[in-house]
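Structure first, then comments.
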Amino acid sequence: MEDLTGQQLGQYQLQERIGRGGMSAVYRAIRTEDQAEVAVKVMDTSPETRDMFFKRFEQEAKIVSAMRHPNILPLLDYGHDQQHPFMVTPLINGGTLADILRRTTLSPDETGGWLYQIASALDHAHQQGVVHRDLKPTNILLDDKGHAYLTDFGIAKILNLTGGGLTVTGNVLGTPTYMAPEQWRGEDATPLTDIYGLGVLVYLMLSGEPPFHADSPHSLMYKHLNEPPPPIRIHAADVSEGVEQVINKALAKNNNDRYPTAGEFSQDFQRALRGMETIAHRHPPRKQSRISTDTPSNLKAVAENGVLTPIYAPAPNTPYPYQASRSYVPILPPPRPKHGSQIRSCLWVTLIIAALGSFGFYTSQDPDRFFPQALAPEVAAPLPTSTPTVPSTSQVRINFPENGADTFTVGVDVSIGLSIDAGVTKLEIRRFGYVVNTIENPSDVITYRPYQAGRHVIEIVPYQGTEPGESAILEIIVR
């Protein structure tokens with residue numbers, strides 16, 4: 001694709017090309033109306049499919065521009081000029097997740113922080129009916145505060161019209177590394193497809209390697225369809241068996257064996273970090289029988305060119321994500337088997353009745369032995385001679401709303417009434433084990449804004465200075 005530096009697209013003056021792929025390029029640009037710096041992504045098209053491309057491009061761009069989430073890079077504008085379709089987003093200067101992974105692997109705690117942010121963005125997109133289809137480190141932008149932004153929603157679907165569905169960059173093919181088995185079979189992508197891509201991404205963050213390598217698309221397709229991922233602890237000794245089980249569930253060949261949502265994946269990952277029982281341990285993926293891997297026609301053209309490895313960019317100076325809190329809600333224990341429970345219950349009732357009957361008989365024969373007639377006089381307890389000691393742990397109690405009593409709306413503030421001990425200087429509001437808000441000098445009523453539908457378990461932690469107190473838990477339902 002030609003370099004458009006110095007040209008004008010719409011109201012955007014392209015200043016510098018800062019990124020390039022096989023079918024698109026990203027430019028640092030100036031918006032002429034207010035001189036604001038923005039990022040402009042320009043996509044290449046072929047004359048044969050240009051009209052259909054523009055129609056699909058506008059449909060996908062309109063859907064993406066309607067999404068609002070703190071971990072989704074907002075789409076500010078879109079259009080086409082001089083036969084060049086383009087998208088405009090804020091300019092993020094912190095690089096990408098690929099920049100960090102090019103330097104080093106991540107610890108399980110650091111991986112959990114990035115996973116929480118990406119999973120939250122994916123769940124919001126899935127609730128809007130949008131599937132990403134192309135999760136990879138270069139599609140996760142970072143700012144200088146460790147905040148992650150998921151970008152390029154729908155790009156893979158649009159580029160498929162131009163023959164760019166495999167995103168060829170020179171002789172490196174990045175996308176097939178993250179493709180789910182159903183994508184290799186040519187089936188439509190679903191939210192569960194993104195769960196698989198997210199599992200590949202987590203495997204890469206922890207080990208520095210994707211789960212599958214191959215010298216050709218056909219070989220890589222065979223591994224994604226048939227082979228289990230290599231044990232991640234071969235590459236990362238600090239990964240626990242529980243974390244490995246969680247990743248393997250996300251990478252299940254059968255999409256029905258994966259986590260139903262990205263949020264469930266993130267929660268189970270946190271359970272594994274804390275040594276709790278996980279859904280992956282209770283419901284591991286089923287073993288997959290081998291299936292045919294005839295090379296699809298759309299891969300034959302690139303099978304001779306590509307070496308399948310992840311795409312990386314130069315490494316910037318990027319901080320790491322938020323730290324996890326100390327508390328987390330475990331999953332419910334499995335039900336116990338009920339074999340013989342009715343017989344045991346009857347035996348216990350019979351034994352208790354027999355014991356009470358025996359006690360009643362003996363007391364009726366000699367009541368003075370069991371109930372003396374003269375009782376010792378009561379002695380009043382002495383009054384305290386000093387001021388009672390005040391507990392050192394501060395507390396907070398929730399007055400309203402009641403747990404699960406009301407249903408709230410996505411994006412609308414929820415008022416929470418509190419009783420706060422004297423001396424509390426701040427409150428932390430946590431969800432999924434992460435701090436989502438900090439309130440200094442809190443009042444008796446605070447607000448919490450839910451960004452996604454479902455069950456929200458909120459932990460409110462009081463602080464006296466730097467010392468945390470006993471937290472309160474609130475559960476609400478969001479529609």
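Bear in mind that the values in this text are calculations on the coordinates, not laboratory data. All values reported here derive from a predicted model rather than from experimental measurement. Don't worry about glycine lacking a Cβ; one is built from the backbone with ideal geometry, like all the others, and counts go over all protein chains shown.
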Placed amide H near residue 10: partners under 5 Å, 5+ positions off or other chain: none
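When a/c reaches 1.5 or more, the comparison of a/b and b/c decides; with that in mind, is region 176-235 rounded, prolate or oblate per its Cα gyration tensor? Provide the component values of the computation, followed by the final result.
Values: a/c = 2.22, a/b = 1.30, b/c = 1.71.
Cα axes put region 176-235 in the oblate bin.
Can you tell me the order of 399-410, 61-72, 78-89, 128-139 when each peptide is scored by its average per-residue count of other Cβ atoms within 10 angstrom, highest first?
128-139, 78-89, 61-72, 399-410
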Whole-number value, in Å³ per residue, for the convex hull of the alpha carbons of region 63-120 is 118
In terms of modelled amide H atoms, which long-range or inter-chain residues lie less than 5 Å from the amide H of residue 437? 429
Local electrostatic count, residue 424, Cβ distance below 12 Å [Lys/Arg +1, Asp/Glu -1]: -4
